[in-house]
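Everything on this sheet refers to the single structure shown next.
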Amino acid sequence: METKNILSLSENNKLFVISGNFLGDIKENIKLIKERYVLKGFEDFDYTEIYIDEIDEQEIYNKILTPPFVSGKKIIVIKDGLKISKKLAEEIENLLEDTFLKTLLIILCIDEESFTPYEIKKNVEQKFKKAIHFYSEADPKYLKNITFQRIKNYAQGREMFLDDNIIKRLIDFTDGNIYSIYNLINMYYMEGKPLKLQNSENFKNNVEFYDAYIFDFLESFSNRDLKKALNSYRKCLEWKIITNDGLILLLLKQISEQREDYKNRFKHWDRMMLKKSFETLYNLLKDIRKYNAIFAKILVEESIIKIIKGE
C-alpha cells in the first residue's frame, strides 16, 4: 500500500505501521497529517515523536490515553518501531482498540542497513495484527539515487561530507557493496582523516578493513578465547563496525551453516554446543530489541561469556 494513502485513511483509523528500507515520502505524509489534525501553535501539546528505547512502557500508555489538548487529534509517532516487543505491540493495539480517544499512532519500522524489506515486513505483520500496514518501497529507477543518499547520510553521521564523485569511486572499488563502503567510511572516521578523491588509490587495499575486525571477533569466539572475544566485540561496537543485531545475525548464520558443513570455523564445536549456542543467540536477538543500547550491550556480553564457558 502506498504511504500517501495514509492521509485518506487517517480519519477513521487509530494505528498505522510503516515499514521498509528507506523513509521515502513518509516524512511529508506525516507532515500533512500533522497539518490536518494539529492546531497551529499547539504542536508541543498534541504532536509527539518518541523512541522506544528512551521511554518506559507506562509513559507510552499515558501518552496514548491522554486526549488532545485542543486539536482534532493527538498524533504520536514512534520512530524506532522495530524495537517494540510482541507483548508491547499487543498492549498498544488493545489500548487503542478499547479507547474512544482521538489518538492517531504512527509506528515507523524503517531499517536501511540490517534487514531486507521482506524481513521487516514479516516482523511487523506478526507483531501488529490489528494495524493498517504501509510499505515504503523504492521505484527501481530511483534505487541508484537512494543508494547515493544512504551513503551520504551514513557519512554525515560521522561528520564526513562526500560528493558524488567520491561515492562513484567507492561503488566502483567495492562492486556496489554498500556495507564495504560503510567500512571504508568507518576507517577514515576512526583515523580522523577526510575521505577525498585522491585517497581512491588506497580504497581497494582497504575494502577488507571491516572483514579483518569481524574476523578477529569470529576467530576468538570460535576458539572460545573469552578475553579476546570480549575485547574485539567492544572494538566492533565502539568503532561502529557492526551493530549488535548484525553481529548476532552473523553468528547465527555461521553456526547454522556449521550444522550442515563441518568445514567452517566452528568445526571443533560438538552438535550439542552448536544447538545450545544457536538457541541462546536466537533468544538474545529477540531480547536486545526490547532494550536500549547500553542494556543490550550487557546482554550480549553475558551471552558471549555463557556460550564460551559452555554454561
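The values are calculated or read from the model by the stated rules, or taken from the named source; none is laboratory data. Given the structure is predicted, the values throughout are model-derived calculations rather than measurements. Note that each Cβ is placed from the backbone with ideal geometry, even for glycine, and that neighbours are counted across all protein chains shown. When the accessible area is computed, the model is the full protein with side chains, heavy atoms only, and any ligands, DNA or RNA have been set aside. Shrake-Rupley method; radii C 1.70, N 1.55, O 1.52, S 1.80 Å.
Summary of computed values
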read-out	value
Residues that are assigned to a helix (DSSP H, G or I) and of a type in the set (S, T, N, Q), drawn from the stretch 215-230	S220, S222
Matching residues in the stretch 109-134 - criterion: being modelled with pLDDT of 80 or more and among the aromatic types (F, W, Y)	F128, F134
Residue ranges of strands (runs of 3 or more DSSP E) in the stretch 2-92 with at least 2 members under 30 Å from L284 (Cα atoms) and open to solvent by less than 60 Å² (accessible area, probe 1.4 Å)	15-20, 74-78
Qualifying residue in the stretch 266-288 (condition: farther than 30 Å from D172 by Cβ, charged (D, E, K, R) and either buried (at least 18 other Cβ atoms within 10 Å of the Cβ) or modelled with pLDDT under 80 (or both))	yes
The lone exception for I185 - which of (1) surrounded by 18 or more Cβ atoms within 10 Å (Cβ to Cβ); (2) modelled with pLDDT of 85 or more it fails	(2)
